[in-house]
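A.B. asks: Starting off with a structure, shown below.
The values are calculated or read from the model by the stated rules, or taken from the named source; none is laboratory data. Predicted model only: the values in this text are computed from it and were never measured. Glycine also receives a Cβ, built like all others from the backbone with ideal geometry; neighbour counts cover every protein chain displayed.
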Amino acid sequence: MIKIITIIGARPQIIKAAAISRAIKNKYSSEIEELIVHTGQHYDANMSNVFFEELGIPLPDYNLNVGSARHGIQTARMIEGIEELLIKESPDYIILYGDTNSTLAGAVAASKLNIPIVHIEAGLRSYNRKMPEEINRITCDHLSTLLFSPTKTGYENLKKEGFIHIIASHYNPDNPGIFHCGDIMYDNSLYFSDLAESSSSIISENNLVKNKYVLSTVHRDHNTDIKENMESIFNALIKISESIKVVLPLHPRTKNILKTDKHEDLYEKIKSNRNIILLPPVSFLDMISLEKNAALVITDSGGVQKESYFFNNPCIILRPETEWVEIVETGNAVLCGANFNKIIEAFEHFENQKELKFPKIFGDGKASEFILKTLIENNK
Ligand code: UD1
Ligand code: UDP
């Protein structure tokens with residue numbers, strides 16, 4: 001039996017972990033035992049608990065309850081907690097997702113204990129080291145033993161950084177293996193798509209009409225923490241709301257900052273706008289339902305820009321660059337940063353653009369199985 005510890009902490013990691021946990025339960029339960037460690041990076045019920053029951057993920061075996069803090073403090077607390085658990089549980093592998101502080105903490109703790117790291121979502125790069133996520137993902141990749149990239153670009157990025165494609169019977173930290181395997185988030189979107197349609201009532205609850213609203217999410221520090229960027233983005237959404245409803249499930253980071261004195265007027269304008277539907281963070285099935293039925297998505301989220309593509313919707317990306325370059329190259333997404341004019345121009349562009357094509361570039365919905373098979377093979 002292979003023992004793995006999975007580290008989750010932020011909302012998207014809980015969702016991603018569902019794909020792997022499901023594959024273990026359905027296909028590999030006699031070969032793999034999974035323990036889940038929640039760092040507590042996200043802790044509001046609608047940023048964490050809501051996903052476990054809805055997505056059928058086993059509840060965490062441990063919760064470190066680190067909560068929010070500056071990067072150094074938060075990451076240090078996580079490292080301390082994870083190290084202790086790794087010593088106690090002595091797993092064969094640690095699975096880390098994406099690029100959050102929970103990912104970084106897991107990578108530092110496991111690498112010092114010589115526990116092989118499986119990095120899911122390896123190789124993605126924005127080539128912008130001002131992003132905390134870029135630091136986290138580069139560090140994690142270079143400490144990993146098995147690196148699974150969801151895209152061809154991610155795989156090529158790893159090669160550019162010196163990783164070599166080798167076929168070995170056993171990989172280790174000095175001899176890591178890199179794989180292009182498709183996207184586990186695509187696995188999830190396929191799996192939950194019909195269920196979302198049948199069980200979510202978010203569209204009717206909010207009196208929405210299919211294809212007659214824009215879905216937007218904002219949470220990147222570069223957008224929320226710089227006053228001009230926040231104003232520019234939300235003023236663009238207000239402008240867009242003159243022609244179509246805008247649905248805005250607010251990330252707690254964004255809400256907390258909007259509520260401060262420096263954004264008092266802006267927040268009032270948003271709250272009193274009858275064409276902007278402000279929601280708390282929604283469940284994953286509600287989110288998928290909102291994504292499937294939207295006319296357009298406007299977001300700075302990594303996950304949401306991709307899901308927009310999975311469900312054949314155009315996307316305005318509120319960032320100057322993206323790790324998911326393919327969705328821009330195919331013409332289905334436009335990079336606008338926090339630039340008011342660019343956002344409005346992109347909105348008008350997509351309003352008149354009806355013939356978009358969405359080639360399948362995120363795998364076949366079986367990335368999780370590939371990852372687990374590889375892991376089992378590597379342990380023989
Ligand atoms: C984190 C990740 C980011 C990811 C995002 C997903 C890092 C460096 N950033 O950003 O890559 O895209 O999660 O959503 O790891 N807060 C609450 N309740 C919660 C969680 C957060 O109120 O349950 C508020 C707190 O004020 C906190 C702020 O949100 O200070 C930011 O939370 P944090 O986890 O530090 O970063 P995110 O912006 O969520
Ligand atoms: N999501 C959700 N409810 C919301 C907003 C997002 O379930 O109110 C899901 C979304 O469908 C995607 C993931 O959360 O799967 C993306 O997380 P987030 O935008 O917080 O982080 P990022 O992907 O940018 O790291």
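A.B. asks: May I ask you to list the residues in the range 160-189 that are within 28 Å of residue 220 (Cα to Cα) and either part of a loop (DSSP other than H, G, I, E, B) or more than 16 Å from ligand 2 (Cβ to nearest atom) (or both)?
C.D. replies: Within the range 160-189, 160, 161, 180, 181, 182, 183 meet the criteria.
A.B. asks: Only one of these is more than 11 Å from ligand 2 (Cβ to nearest atom), at pLDDT 95 or above and touching a His at 6+ places or on another chain (Cβ under 8 Å): 276, 298, 257, 270. Name it.
C.D. replies: Checking each option against the conditions leaves just 257.
A.B. asks: Further, regarding this structure: Would you point out the residue of the range 85-132, among those that are among the acidic types (Asp, Glu) and over 17 Å from the mean Cα position of the chain (by Cα), that is farthest from ligand 1 (Cβ to nearest atom)? Don't jump to the end; show me each part of the working.
C.D. replies: As a first pass, look at the range 85-132 and keep what is among the acidic types (Asp, Glu): 89, 92, 99, 121.
Narrowing the set further to residues that are over 17 Å from the mean Cα position of the chain (by Cα) leaves 89, 92.
Numbers: 89: 23, 92: 26 Å.
Among residues in the range 85-132 that are among the acidic types (Asp, Glu) and over 17 Å from the mean Cα position of the chain (by Cα), the one farthest from ligand 1 (Cβ to nearest atom) is 92.
A.B. asks: For the range 292-304, check the following and say yes or no: at least one residue is free of Cβ contacts under 8 Å to residues at least 40 places away in the same chain, buried (at least 17 other Cβ atoms within 10 Å of the Cβ) and within 16 Å of ligand 1 (Cβ to nearest atom).
C.D. replies: no
A.B. asks: Follow-up question, since we're still on this one. Give the range 343-368 a look and list any residue that's surrounded by fewer than 19 Cβ atoms within 10 Å (Cβ to Cβ) and assigned to a helix (DSSP H, G or I), or say none.
C.D. replies: Passing the criteria: 344, 345, 348, 349, 351.
A.B. asks: Restricting to the range 208-227, and then to whatever is more than 23 Å from residue 243 (Cβ to Cβ) and in a loop (DSSP other than H, G, I, E, B), can you tell me which residue is farthest from ligand 1 (Cβ to nearest atom)? Break it down stepwise before answering.
C.D. replies: At the first step, the residues of the range 208-227 found to be more than 23 Å from residue 243 (Cβ to Cβ) are 219-222, 224-227.
Still in the list and also in a loop (DSSP other than H, G, I, E, B): 219-220, 225-226.
On the way: 219: 5, 220: 7, 225: 9, 226: 14 Å.
For the range 208-227, the residue satisfying everything is 226.
A.B. asks: Within the group 33, 54, which residue is surrounded by 17 or more Cβ atoms within 10 Å (Cβ to Cβ) and away from ligand 1 (no atom under 16 Å from the Cβ)?
C.D. replies: Answer to the check: 54.
A.B. asks: While we're here: In the range 26-42, which residues are over 12 Å from residue 102 (Cβ atoms) and either free of Cβ contacts under 8 Å to residues at least 24 places away in the same chain or assigned to a loop (DSSP other than H, G, I, E, B) (or both)?
C.D. replies: 26, 29, 30, 31
Listed here are the residues, each with its yes/no results for (1) among the β-branched types (Val, Ile, Thr); (2) closer than 24 Å to residue 134 by Cβ; (3) within 16 Å of ligand 2 (Cβ to nearest atom); (4) touching a Leu at 6+ places or on another chain (Cβ under 7 Å).
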| residue | (1), (2), (3), (4) |
| --- | --- |
| 41 | no, yes, yes, no |
| 50 | yes, no, yes, no |
| 60 | no, no, no, no |
| 70 | no, yes, no, no |
| 88 | no, no, no, no |
| 95 | yes, yes, no, no |
| 98 | no, yes, yes, no |
| 104 | no, yes, yes, no |
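A.B. asks: Counting just the residues of the range 1-23 that are of a type in the set (A, V, I, L, M, F, W, C) and over 21 Å from the mean Cα position of the chain (by Cα), which one comes out surrounded by the fewest Cβ atoms within 10 Å (Cβ to Cβ)? Lay out the reasoning, then the answer.
C.D. replies: Going through the range 1-23, the residues of a type in the set (A, V, I, L, M, F, W, C) turn out to be 1-2, 4-5, 7-8, 10, 14-15, 17-20, 23.
If we keep only those that are over 21 Å from the mean Cα position of the chain (by Cα) as well, we get 1-2, 4.
Values: 1: 9, 2: 18, 4: 23.
This residue is 1.
A.B. asks: May I ask you to verify whether residue 204 is in a helix (DSSP H, G or I), among the polar types (S, T, N, Q), at pLDDT 95 or above and in contact with a Phe, Trp or Tyr (Cβ under 7 Å, 6 or more places away or on another chain)? First the steps, then the outcome.
C.D. replies: Working: in a helix (DSSP H, G or I): yes; among the polar types (S, T, N, Q): yes; at pLDDT 95 or above: yes; in contact with a Phe, Trp or Tyr (Cβ under 7 Å, 6 or more places away or on another chain): no.
When the stated conditions are applied, residue 204 does not pass them.
A.B. asks: Which one is surrounded by the fewest Cβ atoms within 10 Å (Cβ to Cβ) among residues in the range 282-291 that are of a type outside the set (A, V, I, L, M) and within 16 Å of residue 53 (Cα to Cα)?
C.D. replies: It comes out as 283.
A.B. asks: Mind checking which residues of the range 1-16 are within 14 Å of ligand 2 (Cβ to nearest atom) and either part of a strand (DSSP E or B) or over 18 Å from residue 109 (Cβ atoms) (or both)?
C.D. replies: Those that are within 14 Å of ligand 2 (Cβ to nearest atom) and either part of a strand (DSSP E or B) or over 18 Å from residue 109 (Cβ atoms) (or both): 8, 11, 12, 14, 15, 16.
A.B. asks: Anything in the range 153-189 that is of a type in the set (A, V, I, L, M) and surrounded by fewer than 16 Cβ atoms within 10 Å (Cβ to Cβ)? List them, or say none.
C.D. replies: Within the range 153-189, 164, 166, 167, 168 meet the criteria.
A.B. asks: In addition: Any idea which of 96, 104, 85 is touching a Lys or Arg at 6+ places or on another chain (Cβ under 9 Å) and hydrophobic (A, V, I, L, M, F, W, C)?
C.D. replies: Result of the check over 96, 104, 85: 104.
A.B. asks: Let me ask something else about it. Among (1) closer than 30 Å to residue 129 by Cβ; (2) assigned to a strand (DSSP E or B), which single condition is residue 247 missing?
C.D. replies: The one condition residue 247 does not meet is (1).
A.B. asks: With the requirement that a residue be surrounded by fewer than 23 Cβ atoms within 10 Å (Cβ to Cβ) and among the hydroxyl-bearing types (Ser, Thr, Tyr), what does the range 214-229 give you?
C.D. replies: 224
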